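Only the coordinates and a few stated rules stand behind these numbers; no lab work does. Keep in mind that this is a model prediction, so the values were computed, not measured. Ideal geometry is used to build each Cβ from the backbone, glycine not excepted, and the neighbour counts take in all protein chains shown.
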Amino acid sequence: MTTVIITEKTSQKKDLFAAIGNKYGQIFPAEGHLLSLQEPQKVDDAWGKWSFDLLKPDEFYPTCPAPDGSPSARNKLIAIENALKTATRVILATDCDREGQLIGEELLRHFGFSGSVGRAMFTAQDEKTLRQAFENLEPNENYLNLGQAALARQQADQVYNLSLTRAATVALKQPGEYGAIGIGRVKTPTMALVCIRELEIDNFTPQDYFHLAATATTDAGQLTLRHAPKARILDPEQAELIRAAADGFEGPLKATKKIKKTKPPKLLDLPELQKICGRKWGWTADKTLSVAQELYDGNGKKIQTYPRAESRYLSENQIEDVGEIVQGLKNLAQYENIDLADPQIRTGKSGHFSDAGLKGVSHHAIIPNKNTMDRIHTIYPRLTEDERKMFDLVAGSYLAILMPDYVYESTVVAMDVPGPNNKNMEFKITGNIPKEQGWRSVFTDEMEKKEEHAGELPPVKDGDIAHLHPVTTDAKKTKAPPRFNEGSLIDAMQNAWKFVEDKNVQERLKEAKGIGTPATRAAIITGLKRQNFIAQKGKHIVPTNAGLTLFKTLKTTAPELVDPGVTALWEMKLDDILLGKQTARQVWDEIGDATARLIGVLRDNAAKAPKITTGVAAPKNFGKSGGKPTEKMVATAKSIADRKGVKLPKGYTSDFQACKDFLDEHLGGNPLIAIEKRLGSGMIKGLGPAIAKLLVTEFGAEVFNVLEQTPEKLSSVKGVGPKIVTAIEARNAISKLQAFLKEHKVAPLHAHRLYAVLGDKCEETLTADPYGIIRSIPWMPFNVADCIAQKTGLTADDPVRAQAAIYRALDTARIPCKKSEVLDQLSARLGLSLDILETALLVEISNKEIFETSGSNEVMLGLTADRKVGKAIGKFLKSLASGDLPWPAMPIDKAADWAAGQLSVTFTPQQFDAIEAALSTKCMFLSSHKETGGEDVIRAICKILGAKGIGIAQTAATQAGSLHLSELTGVKGKPAPQLLKWSEKTGKFKHSAKKPIDCQLMIIDQGALMEPSLFAAVLNAIPETAAVLITGDADQLTPPFGCRALEEIVINGDIRTVYLREHLPEYKDSTRAKNNTLLRGGLDISKDPAVDPETADFFCIDADNPSQAIAKCFEIVKNRLPERYKLDAISDIQLICTKSTGPVGSKALNTSLQQVLNSAGDTPFVDRFGYRYRNGDKVIVLHNDIVSEMNGGDVGYVTEIDKQNSVISVNIAGKSKELPFDGLDIFSPAYALSASYAAASSARFVVVIDDGAATSPKLKYSALSRSSERVIFLQVL
């Protein structure tokens, strides 16, 4: 038996596969609705012309592939179709609402599947819930009514919306106007709600009314009694008569005191959540749903249940989940002190756990997901600010229902005062005193009904005598009803019964839960805005002129169309299907009959009804050239039909409008303009708007086919050069390579890097030697080679695989490693036997790829290439150190004094010695830090030698380093690859020993941060007669990508090294500098508090555990430092971790801090290689990419994400770099860096987080030394 599982979307498939694998069958994702209903004119040719026809066929509309579906959607549909051909059983695992049921069932109907169908129902997407859903599969027949209700909704909308839109357009549109008057089953009444409210406001006239306030004096004290009758006092003379009668009156008080209780409010469904979020934070309904969806199924989150909840109850069997959820929430600081040892469980419809309350609905209230509560303390810190707001709202709502009632003492004091006509008037006041906060301690809603009360009152007793004086009149004005915001508009849609008068209809509307559904209401509001019927004005929703005109016109001609009651009754019919009271066909026929009647009303009133101006501009050629489309329009329409597999409309060659409508549907606007704009937008390197215009003029709508199939034709177009042709050919080759990778079960996003390295013969090379990429691309994932190798027939224990694995391990380490550890680790990780690994190692040694040495009773392994580069570096330095200085001898003391005067500095003795050494040594390493004055030494040397006409060249490991060096010395510096001038044509640097760099002194800043072969290339390109000054900090760790050979040369004394370790006078009181000194000496930091916290530059903070450390860290980075020191949390502060793994390691905190500092839900983003990038993100280059001039260690900021062309722009040290999305494999976010990778970075403020383990002083120093102003050292005890 072959079983196919269908999910609603790819994220569902991923979560499901993680939970059950292929245990129950192969999983195929849809992409929402892969099918749509056929257009009316496809069902009946007579319906091609707009008229008053009822567009209702004899049977339900047939389905067809969605014509506007994306390529990925079409591929998914094909995959499902092929799978169903051989399947004997299907399990639907789509969303558990009626729309999810339709998405699955319509696919089975469309492809005629006749096997058995099961249903997996779940309201959360964590692994445990999904496993339970599949362990408790149900027959799909149990949900037949759910699917039929959705089918009726879909079919009815097609008939109602399209028929009435055409009828309204024909009947009401101003002659000569272009465009349509859209009518929707739910959207038109929703628009009416906004218009009705606006007209109420426009027609509202404020009215004065009066309250009276009397000061009552008693023996127990004074209190203010108010007279505010429900029947408002509108006459000022009447108010004065009452005031005069009450002033001076003396009489007994009536005093009652009661203990009252208030139960916690119902839980949150989607409409209530949207209403509260709109009111409290001004969120749109779409935003609320988006945040709730992210908390439901977002990667690494899944802490809330299904967001499109339509009930405010939980099932009674969820009572058993209470303990697990509460225990999880109490792991968060804001809930840890809540006492829920004895939770209050309230059942039935008057409570919160009620099976009866859930009858007829698919989704229970939104609550914390019990299955992730054991991890909530690690997930919560990673949430965005908006996500935390919502989760706290949901968590507070849940905790509230488990807590005791709110208890308060209510005291009412009143007095009857004889008024005009001897009618008693009641003056009173209510005072409420909280006794037990109960649920209010965790959840309050500012819009809960509140009585006007005065808190605690004087201790008056019943019967006490009070004297009233003075008595004053308080004039007030009536207020217009408030405009809707999105939350209150959704509430109005849900409570549509309030807008009808018939009591019976009101009750049925309450049962039907208004118009629309929780899942569609936000989209309806968005659609009305897009159609220019309503608009956003601040937090409020207002109708546009077009919307008001349409409302008034429909109110006159067909008032049912704008009556929320009628639309809500139709929604209730869908609920009748769900409950088995009606069939889908019966409901469809009823709605069809009602639609036909409304069409007749519009037709009969067409002649006398006021006409509507749509405001839509007609196309330029409309009504001209005999009404025929242009040749290029026809050609483009044919091209689209062929490419998309859709039918061309009738008359597209002779009817301008028919052709235009088709093009608008599939392209939007003028098709050729759209093509030209897209082509010239930067999607192909070097192809701008001017070239795009030439190509579209030449090839018309076929231009993309030419680009993809016959790019050689482009050479015939004047103005198109060979570089553009090459770029297009490369783009096509990458597209072909992506297909190859997909066939080999490799993510297509690796195609960019593979093509960049392997070129046109990439597929051939990968097939012949899959594991070759492990050597040529050091960061290419090993499983990429594994997948390709498996397809070519290589087994997992093939010696070639073992050889590549050993090479990769040593290439990653970059230093000799213990043989036993390398082989044992690879055996455990890759499942290779030690015998196979030993044999593979012998082959690598024989091929001189790896060397083996013995030392300290351990056999060590290393890469031969690394050793060769190390030896070459040593040889180059030794050669450069020999010979005469390239400048004449000079009195160095006078030269240094002159430089000090020029630079306005005073040199310390140690700095003077360093200047003397540099001016008298041909090859030297200067080790220093900012606090020790190394930069002033470099400035002095450049000043002295520059004055003598000595040619100086400068380079650095990074773009930022080069820029800083240029600003420091006034001599232009370049990163090493740019200085050496890489040639794409030859694949080599232009500068080498044969063509050296023109200079007499080469300054290499932070040489240890350069990749070894690049550092060797720089040394090789320095003239033998030139001097070399290498700078850096020998006490700092060399990063993984850096030059360890230089580090060893310095340690071994093979190059003259001058150390600057004494602090400059200005740092004598610096705690940061003192701790750096301690760490350089192998000691630990001092935790002594600063003498003056206001000027301190080092702070040490302890945390009891990792969770507390994370919370403190995020608070410091996000709030404390930016607020106190006016910093930008992203650019001015760098978080550095002493470990890369673990809860406070850089890998975990990098993503978490990114979410905290830069996760705005409405900004563009791209997901690549395990990370999500947004505009404003701080990123680091992990690997050198010489072609694109990216230097390992550089930190930059994302400035633009162009989704149309799949290009991201990054600003690095003031230079904008563009690269394709698939080129992001050399990047990662840089919010949290490990101490070793942070070596090339610097920031004004550095926050160091240490896991409390035995961290070496050198590692701590490497972290602390990245700060230019202040350090916060956060340590887990």
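Below are the figures for this structure:
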read-out: Rg over Rh, two decimals, the chain (C-alpha only, Kirkwood Rh); value: 1.03
read-out: Rg ratio (alpha-carbon, reference 2.2 N^0.38 Å) - the stretch 1163-1223; value: 1.02
read-out: Neighbour-count order for V413, V460, fewest beta carbons within 10 angstrom listed first; value: V460, V413
read-out: Pairs beyond 25 Å (Cα-Cα), from K555/K611; K258/K477; K868/K1147; K718/K990; K894/K922; K713/K988; value: K258/K477; K868/K1147; K718/K990; K713/K988
read-out: Stretch gain in nm, segment K871-K736, where the contour uses 0.36 nm per residue and the Cα spacing is subtracted; value: 44.4 nm
read-out: Ranking of T1095, T411 by count of other Cβ atoms within 10 Å, fewest first; value: T1095, T411
read-out: Relative contact order [Cα under 8 Å, 6+ residues apart], the chain, whole percent; value: 8 percent
read-out: FRET efficiency, W887 to D1128 (Cβ-Cβ, R0 56 Å, nearest 0.05); value: 0.80
read-out: Ordering of 206-215, 977-986 by packing [mean C-beta count within 10 Å, highest first]; value: 206-215, 977-986
read-out: DSSP-defined beta bridges in the stretch 887-1063 - what % are antiparallel, rounded to 5; value: 10 percent
read-out: Proportion of all alpha-carbon pairs of the stretch 766-822 beyond 13 Å (%); value: 57 percent
read-out: 5 angstrom amide H check on D1097, placed H, neighbours 5+ away; value: T1071, R1072
read-out: Spin-label model distance (nm) - E1094 vs L842, 7 Å beyond Cα toward Cβ; value: 7.6 nm
read-out: Distance from the stretch 930-990 to the stretch 221-291 (C-alpha centre basis), Å; value: 73 Å
read-out: Global geometry of the stretch 909-960, whether rounded, prolate or oblate, following the gyration tensor of its Cα atoms and the 1.5 cut on a/c; value: oblate
read-out: Between the stretch 896-917 and the stretch 705-754, the alpha-carbon center distance in angstrom; value: 58 Å
read-out: Exposure proxy ranking, count of Cβ atoms within 10 Å, fewest first, for M493, M1010; value: M493, M1010
read-out: FRET E, pair T864, K791, Förster distance 25 Å, beta-carbon r, rounded to 0.05; value: 0.20
read-out: Karplus-derived HN-Hα couplings along the stretch 32-47 (A = 6.51, B = -1.76, C = 1.60, θ = phi - 60°), whole Hz, x at Gly and Pro; value: x, 7, 7, 10, 9, 7, 5, 5, x, 5, 7, 7, 9, 4, 5, 8
read-out: Share, in percent, of DSSP beta bridges within the chain that are antiparallel, nearest 5; value: 60 percent
read-out: Two-site FRET efficiency, D405 against Q222, from Cβ-Cβ distance with R₀ of 30 Å, rounded to 0.05; value: 0.40
read-out: Simple label model, 7 Å out from Cα along Cβ direction - D1084 to Q327, nm; value: 3.5 nm
read-out: Positive minus negative residues near W588 (Lys, Arg vs Asp, Glu; Cβ under 12 Å); value: -2
read-out: Cα-based equivalent ellipsoid, the stretch 1071-1276: semi-axes from gyration tensor eigenvalues, Å; value: 31, 17, 15
read-out: Amide H within-cut-off set for S1140, under 5 Å, with H built and near neighbours excluded; value: S1146
read-out: Radius of gyration and maximum dimension Dmax of the stretch 685-739, Cα, Å; value: 10.8, 33
read-out: Estimated vicinal HN-Hα couplings, Hz - the stretch 367-376 in sequence order (Karplus 6.51, -1.76, 1.60; Gly, Pro = x); value: 9, x, 7, 4, 7, 10, 5, 6, 10, 4
read-out: Amide H partners (placed H, <5 Å) of S36, local residues excluded; value: C64, A66
read-out: Global geometry of the stretch 270-404, whether rounded, prolate or oblate, following the gyration tensor of its Cα atoms and the 1.5 cut on a/c; value: oblate
read-out: Label zone at Q207, where the point sits 7 Å out along the Cα-to-Cβ direction: the stretch 235-271 residues whose backbone N lies under 17 Å; value: 235-239
read-out: Pairwise label distance in nanometres, L968 with N545, each label 7 Å out on the Cα-Cβ vector; value: 6.4 nm
read-out: Greater than 29 Å apart at Cα, pairs in K280/K498; K349/K479; K878/K994; value: K349/K479
read-out: Relative contact order %, the stretch 270-404, counting alpha carbon pairs below 8 Å whose residues are six or more apart; value: 30 percent
read-out: Reachable lysines from K23, criterion Cα separation under 22 angstrom, eight or more residues apart if same chain; value: K9, K13, K14, K76, K85, K128, K745
read-out: Cα centroid separation, the stretch 335-401 to the stretch 465-492 (Å); value: 34 Å
read-out: Ellipticity estimate at 222 nm from DSSP helix runs (n ≥ 4, -39,500 (n - 2.57)) divided over the chain, nearest 500; value: -12500 deg cm²/dmol
